[in-house]
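A short write-up of the structure that comes next.
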């Protein structure tokens with residue numbers, strides 16, 4: 001994995017910003033080209049389950065059982081589903097979209113006030129230019145942490161400290177969105193636990209009570225040659241659980257049955273996918289969702305993603321009931337801070353990240369991390 005020297009990060013970010021926002025028509029920039037095969041062509045729409053959470057929230061046993069069955073079926077096959085009546089106000093999500101677009105419409109000099117710095121997950125960056133020199137994603141992004149282990153308004157404080165007090169309203173909107181998505185994520189962890197047959201322990205919810213998660217706003221500008229690139233290349237999320245709010249432009253694609261299938265946006269739904277960490281926590285029973293994002297010739301696209309992650313120093317392993325039923329633990333116990341470091345310094349996230357991390361973890365170079 002080719003790492004870039006951070007000394008010229010600001011210049012590189014500005015240059016890539018100009019490339020994707022002022023696209024040359026004579027020659028497509030080679031650093032954004034992704035190799036393609038016949039298998040990459042999308043010919044089908046994914047018929048993914050849309051799960052109504054109203055019955056679960058109102059303690060309707062029949063509706064809850066139906067939701068659990070749908071979750072189990074989708075997570076065992078590909079790790080992807082959508083939820084409606086999810087408890088997050090649609091008006092709030094509309095404001096999230098509005099303020100996200102306003103941020104990405106700012107001049108690059110203004111956005112660079114909160115540029116990502118080395119060693120931090122938070123900040124503005126363009127096309128992962130701080131890490132890679134080729135197969136760049138056609139996007140800009142703004143990321144910030146959310147947790148309830150410190151200041152009450154951690155997101156507001158982030159916007160105030162980087163962009164200034166004039167962005168307090170934006171910070172408040174994203175703070176409220178993070179709070180709502182954290183609650184939904186923990187509710188989904190409860191449903192996932194029940195679907196795995198370990199109801200009554202609250203194992204996962206307890207594991208994530210002091211979680212330190214990440215929200216990321218992704219902006220995908222129009223692209224005059226969308227067949228040559230990706231908004232995001234094929235990968236599985238290393239995190240635990242992903243909650244995605246997207247606009248109606250479309251672009252999300254999921255790999256199912258050895259085919260890439262598109263996902264039709266649903267204005268009332270949030271997209272949920274399982275990440276590598278939960279694959280390990282389910283003892284390999286649930287699939288980490290392989291997905292990518294296509295870009296659009298005619299319209300930009302905006303998405304907002306909440307990545308549920310545990311506190312960095314937590315020891316992560318499946319519930320003992322699952323290990324006992326299966327007769328073994330499929331993946332070694334690990335700490336999220338080590339997995340995160342691996343994805344930032346050793347391996348670019350793809351469909352093999354968890355397996356490569358396991359090899360790295362079990363290697364002689366890392367004996368201190370090996371599960372006894």
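Table: residues versus (1) surrounded by fewer than 19 Cβ atoms within 10 Å (Cβ to Cβ); (2) touching a helix residue (DSSP H, G or I) at 6+ places or on another chain (Cβ under 6 Å); (3) within 30 Å of residue 34 (Cα to Cα); (4) modelled with pLDDT under 90.
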site: 293; (1), (2), (3), (4): no, no, yes, no
site: 319; (1), (2), (3), (4): no, yes, no, no
site: 322; (1), (2), (3), (4): no, no, no, no
site: 333; (1), (2), (3), (4): yes, no, no, no
site: 336; (1), (2), (3), (4): no, no, yes, no
site: 351; (1), (2), (3), (4): yes, no, yes, no
site: 357; (1), (2), (3), (4): no, yes, yes, no
site: 362; (1), (2), (3), (4): yes, no, no, yes
site: 365; (1), (2), (3), (4): yes, no, no, yes
Within segment 220-244, count every residue that is outside any loop (DSSP other than H, G, I, E, B) and under 15 Å from residue 81 (Cβ atoms).
4
Which of the residues belonging to segment 53-92 are within 20 Å of the chain's Cα centre (by Cα), part of a helix (DSSP H, G or I) and surrounded by 18 or more Cβ atoms within 10 Å (Cβ to Cβ)?
71, 74, 75
Select from segment 204-216 the residues that are assigned to a helix (DSSP H, G or I) and surrounded by fewer than 19 Cβ atoms within 10 Å (Cβ to Cβ) and list them in ascending order.
205, 206
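Per-residue answers, yes or no, for (1) buried (at least 20 other Cβ atoms within 10 Å of the Cβ); (2) modelled with pLDDT under 95; (3) over 23 Å from residue 32 (Cβ atoms); (4) in contact with a helix residue (DSSP H, G or I) (Cβ under 6 Å, 6 or more places away or on another chain):
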residue: 268; (1), (2), (3), (4): no, no, yes, no
residue: 271; (1), (2), (3), (4): yes, no, yes, no
residue: 275; (1), (2), (3), (4): yes, no, yes, no
residue: 278; (1), (2), (3), (4): yes, no, yes, no
residue: 282; (1), (2), (3), (4): yes, no, yes, no
residue: 286; (1), (2), (3), (4): yes, no, yes, yes
residue: 297; (1), (2), (3), (4): no, yes, no, yes
Among the strands (runs of 3 or more DSSP E) lying completely within segment 254-372, list those that include at least 1 residues that are within 15 Å of the chain's Cα centre (by Cα) and within 29 Å of residue 40 (Cα to Cα).
270-274, 290-293, 301-308
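The values are calculated or read from the model by the stated rules, or taken from the named source; none is laboratory data. Values in this document were obtained by computation on a predicted structure and should not be read as measured data. Please note: Cβ atoms are built from the backbone with ideal geometry, for glycine as well, and neighbour counts cover all protein chains shown.
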